[in-house]
Amino acid sequence: MLEADGNQWERGQSMKRSGLVSVVMALGLIACVGSGALAQVSIAIPIEQSGAGAVVGLRWIRGVEMAVADINKAGGILGKKVETFTLDTKTEPPVAVAAVRKAVESKPFVIMGPIYSGSALACMGVSRDAGIPQFVGSESPNIGKQNNANIFMTTNNSENATSMVVDWLTNVVKVKKMGIVYANNDFGKAGRDALMKLLQPKGVQFVADIAAEQGQTSFSGEISRIKAGAPDSLFVYLNEEESARALRQIKEAGLDKQMRLIGSTTLMNVDVIRLAKDAVNGVEGFIGETYAAPAYKTLNDRYVAQFKELPDHNFFKAYMGMMTVKAVVDETKSFDQQKFRDTLHNNTLCVKDHPEILMDVHYLENGDLERPGFVVKVVNQEHTIVNALTPLHPEWFSKCK
Amino acid sequence: MLPELLIKGLSLGAIYAMIAMGFCLLWQTSRLVNFAEGEFVTIPAFLMVMFYSVLAVPYPLAILFAILVAALLLGVVMKKTLVDALITRGNTPFVVTTIALGFFVKDFLTVFATPEAMNFPSMVRQTPLHFAGAAFSSLDLWNIVIAAVVILGVGFFIRKSKPGKALQAVAQNREAAVIMGIDAQKMILLAFSINAVLAAFSASLAAPIYMVKYDMGNELGLKAFYAAIIGGFNQVRGALLGGLLVGLIEILTAAYISTKYKSGFVLLVLIAVILFKPEGLLGTKEQ
């Protein structure tokens with residue numbers, strides 16, 4: 001028998017508490033603003049606190065708040081204490097727009113969130129109009145394609161991520177016939193398109209190209225189609241819960257013994273591992289941020305000690321995003337938001353200059369970033385690094401050596 | 001591939017059929033359609049996790065307690081509150097109220113339990129099985145067997161037991177049944193309680209495969225509703241046929257046509273049934 005989960009229930013209580021704390025903090029912030037006590041830097045976190053994205057939202061909040069605690073402990077940014085307040089986007093784009101609209105009224109220095117691509121795309125115009133830089137946790141390349149100079153990613157977009165693993169897929173995995181099952185949403189379609197665009201010119205044949213719905217429960221039909229196509233590798237590009245369900249049913253059908261199971265970030269997420277248990281063993285693919293990487297070890301240990309669970313990539317993204325804010329302000333020595341944007345665009349931040357950012361990072365003109373990533377394999381329900389991947393443009397990182 | 005798909009389709013359809021039976025029972029006895037039926041599956045699933053994982057109650061007892069609490073909450077309490085208050089006003093206020101109830105349950109579980117998906121173990125070990133070239137899971141077989149036992153058991157109870165016969169009498173002609181001395185209110189209570197137990201059994205089968213989550217009832221409730229319409233809202237055996245058909249259509253469409261249209265094909269069948277046999281495939285015309 002599988003083991004059941006009990007700590008999710010307890011984490012639910014923790015989410016409720018964190019929601020209440022956020023309300024209290026928001027009220028506190030409003031009180032401070034009202035009383036003219038502006039010696040702080042305010043950070044707005046419009047984020048998924050309920051709905052489908054509640055779990056990733058919680059980890060994002062933890063990432064920003066742990067970074068803020070570290071910053072404040074070290075004396076703040078340019079001597080100013082950092083304060084945060086959260087707003088719930090309910091994982092719905094229209095609510096995300098309203099949340100960001102509400103956030104800009106408080107005139108924060110930056111906005112950290114949301115994560116879901118649909119929400120980010122919907123609300124990014126609001127922060128641009130207000131002139132407040134916005135960091136999002138999304139992975140869709142469509143965000144960068146909007147050419148919104150105000151938006152900044154916190155991880156490699158899915159197109160970059162796929163580009164980084166193309167060599168591994170063609171030379172190491174030696175994929176010839178690939179099947180793909182992808183989420184029929186902005187995230188899934190972008191990943192699927194990028195994969196096909198990059199692999200088809202290399203002679204990879206896509207023998208099964210299957211869209212799955214968000215919240216889908218049964219994958220029996222999809223599995224039959226995959227079987228019929230007989231690929232040597234199956235790329236699973238689904239959100240976390242659907243990934244877990246699909247993996248369990250794939251294992252049940254014995255497909256894991258017939259083909260390599262490959263994915264990108266979500267497929268190896270800690271929640272997928274928790275839900276799919278041994279069905280996730282053997283899965284491999286690209287992940288931008290993993291607790292198994294030496295660069296993240298100290299932060300991982302702190303997270304585990306504090307929250308009694310492993311952190312996912314959203315936590316690391318949020319932490320590094322917040323630390324990037326500090327690094328840029330430290331460089332510009334000012335809270336001028338235009339200067340902030342100009343400095344971060346087409347710029348590389350190095351760990352040797354800013355140890356708090358954990359990994360070297362380069363920001364492009366459109367807000368996309370490049371950062372080293374990893375190929376991991378799940379062994380005994382844990383990440384094992386197979387390969388450390390260099391960014392697509394190593395020349396941008398030459399100053400970090 | 002076909003035998004494998006048939007087993008998968010029947011396994012999925014068996015879950016739909018049990019929930020659809022609940023729709024039919026309630027309609028027959030009370031002329032009400034419960035649009036919170038999906039959440040009636042979610043609630044016992046959460047109760048099972050609460051008893052088993054949070055309160056560390058032994059597995060069989062956790063399921064039993066969940067079924068009992070579900071019967072009390074979704075049967076007795078539901079009847080004594082919303083049903084008694086709304087039954088005289090007809091179906092529409094009840095439909096609107098149960099839609100609202102469904103949203104309330106989801107929000108309540110999200111805020112006071114968890115928005116995360118949770119694992120719940122199955123009663124049988126999940127092992128791959130092979131038969132006549134078909135590969136399937138022990139869970140598929142288990143679902144079909146349990147659903148068959150529960151459906152046959154409920155059918156036997158309705159046909160052979162005294163309360164079951166009274167339930168049938170109310171379903172066929174409530175006024176005549178009341179004149180004959182049958183307490184129609186008690187029969188409605190019985191129908192809601194059976195519905196709750198069916199939903200709880202469905203939850204115990206669905207949870208290990210699809211995981212326990214606040215919105216797990218969305219798809220299950222909707223598909224069971226389609227199944228009840230396709231099979232015939234006024235016949236329990238119609239719900240059985242409808243459930244199995246919906247499961248099979250979904251799986252076969254996904255495998256042979258396109259995964260994108262699997263829900264669409266179910267809806268096409270639904271529309272065809274409404275157009276050409278509005279009482280459902282096994283349903284009878286109502287006056």
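The values are calculated or read from the model by the stated rules, or taken from the named source; none is laboratory data. From a predicted model like this one, the values you see are computed outputs, not experimental measurements. Cβ sites come from the backbone with ideal geometry, for glycine too, and all protein chains shown count toward neighbours.
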field: Close pairs from region B:41-65: first more than 9 Å from chain A (Cβ to nearest Cβ), partner of a type in the set (Lys, Arg), Cβ under 9 Å, at least 6 apart
entry: B:THR42/B:LYS106; B:THR42/B:LYS213; B:ALA45/B:LYS213
- prompt: Of the conditions (1) within 14 Å of chain A (Cβ to nearest Cβ); (2) surrounded by fewer than 24 Cβ atoms within 10 Å (Cβ to Cβ); (3) of a type outside the set (A, V, I, L, M), B:GLY13 fails just one. Which one is it?
  reply: (2)
- request: Inspect all residues belonging to region B:244-256 and state whether any of them is more than 14 Å from chain A (Cβ to nearest Cβ) and farther than 29 Å from A:ASP209 by Cα.
  value: no
- request: Kindly provide the set of residues from region B:263-287 that are surrounded by 18 or more Cβ atoms within 10 Å (Cβ to Cβ), more than 9 Å from chain A (Cβ to nearest Cβ) and small (Gly, Ala, Ser), ordered by number.
  value: B:GLY280, B:GLY283
- prompt: In region A:109-136, how many residues are outside any strand (DSSP E or B), out of contact with any Asp or Glu (no Cβ under 9 Å at 6 or more places or on another chain), closer than 24 Å to A:MET320 by Cβ and not hydrophobic (A, V, I, L, M, F, W, C)?
  reply: 4
Condition check for A:GLU252: within 14 Å of another protein chain (Cβ to nearest Cβ), within 22 Å of A:LYS377 (Cα to Cα) and either in contact with a helix residue (DSSP H, G or I) (Cβ under 9 Å, 6 or more places away or on another chain) or among the small types (Gly, Ala, Ser) (or both): yes
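Quick one: in region B:76-122, of everything that is part of a helix (DSSP H, G or I) and among the charged types (D, E, K, R), which residue is surrounded by the fewest Cβ atoms within 10 Å (Cβ to Cβ)? Steps first, answer last, please.
In the first step, residues of region B:76-122 are kept if they are part of a helix (DSSP H, G or I); the result is B:76-89, B:91-112.
Cutting the leftovers down to among the charged types (D, E, K, R) gives us B:79-80, B:84, B:89, B:106-107.
On the way: B:LYS79: 21, B:LYS80: 13, B:ASP84: 13, B:ARG89: 10, B:LYS106: 22, B:ASP107: 12.
Checked region B:76-122; the qualifying residue surrounded by the fewest Cβ atoms within 10 Å (Cβ to Cβ) is B:ARG89.
Mind checking which residues of region B:252-287 are more than 19 Å from the chain's Cα centre (by Cα), touching a residue at least 24 places away in the same chain (Cβ under 8 Å) and assigned to a helix (DSSP H, G or I)? If you could, list the steps in order and put the result at the bottom.
To start, the set of residues in region B:252-287 that are more than 19 Å from the chain's Cα centre (by Cα) comprises B:252-262, B:264-265, B:268-269, B:271-279, B:284-287.
Subsequent filtering for residues that are touching a residue at least 24 places away in the same chain (Cβ under 8 Å) retains B:252, B:255, B:269, B:273-274, B:279, B:284, B:286.
Listed by number, the residues that qualify are B:LEU252, B:ALA255, B:VAL269, B:VAL273, B:ILE274.
Scan region B:102-126 residue by residue and report those that are of a type in the set (Lys, Arg) and either under 24 Å from A:ILE273 (Cβ atoms) or at the interface with chain A (Cβ under 7 Å from one of its Cβ atoms) (or both).
B:ARG125
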message: Within region B:209-233, take every residue that is in contact (Cβ under 8 Å) with a residue 12 or more places away in the chain, over 21 Å from B:ALA71 (Cα atoms) and not aliphatic (A, V, I, L, M) and give me the one that is nearest to the other protein chains (Cβ to nearest Cβ).
response: B:GLU219
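Looking only at residues in region B:237-262 that are modelled with pLDDT under 85 and either in contact with a helix residue (DSSP H, G or I) (Cβ under 8 Å, 6 or more places away or on another chain) or more than 24 Å from A:PHE219 (Cα to Cα) (or both), which one is surrounded by the fewest Cβ atoms within 10 Å (Cβ to Cβ)?
Residue satisfying both the conditions and the ranking: B:TYR261.
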query: Are any residues in region A:137-156 β-branched (Val, Ile, Thr) and either in a loop (DSSP other than H, G, I, E, B) or out of contact with any Leu (no Cβ under 8 Å at 6 or more places or on another chain) (or both), and if so, which ones?
result: A:ILE151, A:THR154, A:THR155
message: Being touching a strand residue (DSSP E or B) at 6+ places or on another chain (Cβ under 9 Å) and either of a type in the set (S, T, N, Q) or free of Cβ contacts under 8 Å to residues at least 24 places away in the same chain (or both): is that true of A:THR91 here?
response: no
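Let's see how each residue does on (1) over 18 Å from the mean Cα position of the chain (by Cα); (2) over 23 Å from A:ALA54 (Cβ atoms); (3) within 14 Å of chain B (Cβ to nearest Cβ); (4) of a type in the set (Ser, Thr, Tyr):
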{"position": "A:GLU105", "(1), (2), (3), (4)": "yes, yes, no, no"}
{"position": "A:ALA122", "(1), (2), (3), (4)": "no, no, no, no"}
{"position": "A:GLN134", "(1), (2), (3), (4)": "no, no, no, no"}
{"position": "A:GLY137", "(1), (2), (3), (4)": "no, no, no, no"}
{"position": "A:ASN150", "(1), (2), (3), (4)": "yes, yes, no, no"}
{"position": "A:SER158", "(1), (2), (3), (4)": "no, no, no, yes"}
{"position": "A:VAL165", "(1), (2), (3), (4)": "no, yes, no, no"}
{"position": "A:LEU169", "(1), (2), (3), (4)": "yes, yes, no, no"}
{"position": "A:PHE187", "(1), (2), (3), (4)": "no, no, no, no"}
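If you take the residues of region A:288-299 that are outside any loop (DSSP other than H, G, I, E, B) and modelled with pLDDT under 95, which of them is nearest to the chain's Cα centre (by Cα)?
Taking region A:288-299 first, the residues outside any loop (DSSP other than H, G, I, E, B) are A:294-299.
Within this subset, residues satisfying the condition of being modelled with pLDDT under 95 are A:294-298.
On the way: A:PRO294: 19, A:ALA295: 17, A:TYR296: 15, A:LYS297: 18, A:THR298: 19 Å.
Restricting to residues being outside any loop (DSSP other than H, G, I, E, B) and modelled with pLDDT under 95, the top hit is A:TYR296.
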task: Just one of (1) part of a helix (DSSP H, G or I); (2) within 14 Å of chain A (Cβ to nearest Cβ) trips up B:PHE156, so point out which.
output: (2)
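Can you list the helices (runs of 4 or more DSSP H) lying wholly within region A:219-284 that have 1 or more residues being in contact (Cβ under 8 Å) with a residue 24 or more places away in the chain and more than 24 Å from A:PHE315 (Cβ to Cβ)? Quick ask: steps written out before the conclusion?
Numbers: elements: A:220-229, A:240-252, A:270-276.
Per the criteria, A:220-229, A:240-252.
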